[in-house]
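Novice: Mind looking over this structure? Questions follow.
The values are calculated or read from the model by the stated rules, or taken from the named source; none is laboratory data. No experiment lies behind these values; they were computed from the predicted model shown. We place every Cβ from the backbone using ideal geometry, glycine too, and count neighbours over all the protein chains shown. The protein model used for the area step is the full one, side chains on, heavy atoms only, and it has no ligands, DNA or RNA in it. Shrake-Rupley method; radii C 1.70, N 1.55, O 1.52, S 1.80 Å.
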Amino acid sequence: MFFLHRQSFFVALLLALVIYIVPLASAAESKCAGESQFSCPNCGGISVSDCMDCDGYLFTDYNYGLCYNRKLFNTNAENGNSDNHYPFLWTDIVGTIVWFLTAGIATACGVGGGGIYVPMGILLLRFPPKPSSGLSQASIFGASLGGILVNIRKRHPDEHIRDTKGTPSKEHPGKMIAYEKGKGPMEIEDDREKYLDGGDGKRKFYTRPVIDYNMALFLAPMEMAGAVLGVIIQRVFPNWLFLCFAAVVLGFTAFKTFKKFFVAYAKDKAAKEERIELTKRESQRVLESQKKKESDANGEGAASDAVDDVEGNANTKEEKEEEDDPKQLEQRRKFLEEDSRQYPFEKISYLILLWIGLTVITFLKGGKGVDSVIGITCQDAGFYVLVAAQFLWTLGFAAVFGYKNVKGVNERVAVNYPFNETDVMWDFKKLQFYSFFTFVAGIVAGLIGIGGGMVLGPLMIVMGVNPRVSTATTATMILLTSSSVAVMFVMSGLVPWQYAVYFFFVCLLGAYIGKTRIDAYVKKTGMGSILVGILATIIALATIGCIIILFLNLAKVDWCVDGFKAFCTVSSEENACPTRLLSLSAEEIFPY
């Protein structure tokens, strides 16, 4: 409850949504049912109220009242043929360009891009909401994989972490003030040389991977648990209601992220000006030093050297008085060595284990249009046992690694570990805060088909995590959540195979190229706030997209709002449309 006073406006808006709109949905439960019927070619021409029930023909032609099959880069225009009279060549070409650019920009900002892919899938590619959500997950999977190929080799922005105690930060208890703060390039270089020459002769610089694996091991299962709940909610929510919910959540997030961007941009600009000023001062100091040496012809230089020797002896004495406890220093170096591993295989293995466990349970249970591999339905008790198992697996994982994170921080604090000013000092209060908002991010991801980074990324930035670390860590988590959902969408037949595979590779390539270029620019300029600004813009565009889709969908059905759906519906074999998923030929999957 400690964070509610900061989020009062957001909570009030959600309550208004619940109080006003939910009763409206309940009252409209059957109002819109059966008003539109469409011919389903795959089932002998039977009529369906929703083309999502017409396997293989998921797209709706409202003008002709029929369901049709979508083919990638289709150029045919045969009237009356439900497969070929819908040419989408230029639509797919433009979509390729938009997806490629979105993947690069979104991945660089640590989001999946689902908030763009879903609206653009509906508006540009003209996909229905659920296939658009599935295509979004396949695109996010490709983009996040491309991002991982870049991030897994990258190092932390601070590449000169020292094993000394440092100067404690008053603003951030437990953390150290950066040694380079307030110094010019030459001063920094001199200071680094002095550090390496001092101590016991074993000093060196340490760094870490840019991906915070400890954070990912705690937050990823929390996000997955939220996604499980989001999928459950999606079963009963009408499309218009979850679009309203998405618009409110994304709108609030965009507002908070823009606020953070303006603050971060001002800091980056001030830091850049300070670096320029320090460089000028250093250059001036060097010139003055050279002039002084030229004028020292009467023994003044020797006197100066004597003074320097006295000061040097005083400094050495002072350093001896501040020497570390040898045991603390040894343990601190062990922690620094442990944290500097670029590929911590045990942590990566835990993330893979988390993904495998949840994916296996999900396929046993079924969902997102995929039948259970063991044949159970929502009418069986085993279904609800497996739902509970999903929550136990993810939340149990989060609890274990949350405890490990707190324990690890406490052990490092005890030996004066040099925490960076942007590190998260895990305690039980922070666990509570992060777990709540990560769970909410997962709900939004499962509900509307986005990666969750649009909520989680801004949260990390607001909490002071380095933008490059937050983007790399959220991209890793998004890979875990999007991959299994994408596979389920495609296997269910809810997304055409050609589109899913094609846009997967488009986004993988776009993310790899785009992230490499943007990261290089940010590193060169030191303007990490640019990532925050782009992120805020993406979220704002996603909000606008949700609102546009909401009104377009309502306009299509003459502003008729349908009500909540039944949580458990099982089609009878007599009336079910026969599925073609397992009988698809290679030519049907990849016709070109």
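Novice: Once both labels are modelled 7 Å past Cα along the beta-carbon direction, what's the R281-L552 spacing in nm?
Specialist: Calculated label separation equals 5.6 nm.
Novice: Using only the alpha-carbon atoms of segment 423-534 as identical scatterers, what base-10 log of I(q)/I(0) does the Debye formula give at q = 0.11, 0.12, 0.17, 0.22 Å⁻¹?
Specialist: Summing over Cα pairs of segment 423-534 leads to -0.45, -0.53, -0.96, -1.28.
Novice: Another question, then. With the crude spin-label approximation of a point 7 Å out along Cα→Cβ, what separation in nm comes out for K204 versus M463?
Specialist: Here the modelled spin labels are 3.2 nm apart.
Novice: Still on this structure, please answer the following. Before I look further, what does segment 416-529 give for accessible area per residue, probe 1.4 Å, in whole square angstrom?
Specialist: On a per-residue basis, segment 416-529 sits at 31 Å².
Novice: In nm, to one decimal, how far is the L353 label point from the R155 one, both placed 7 Å along Cα→Cβ?
Specialist: A separation of 3.0 nm, rounded to one decimal place.
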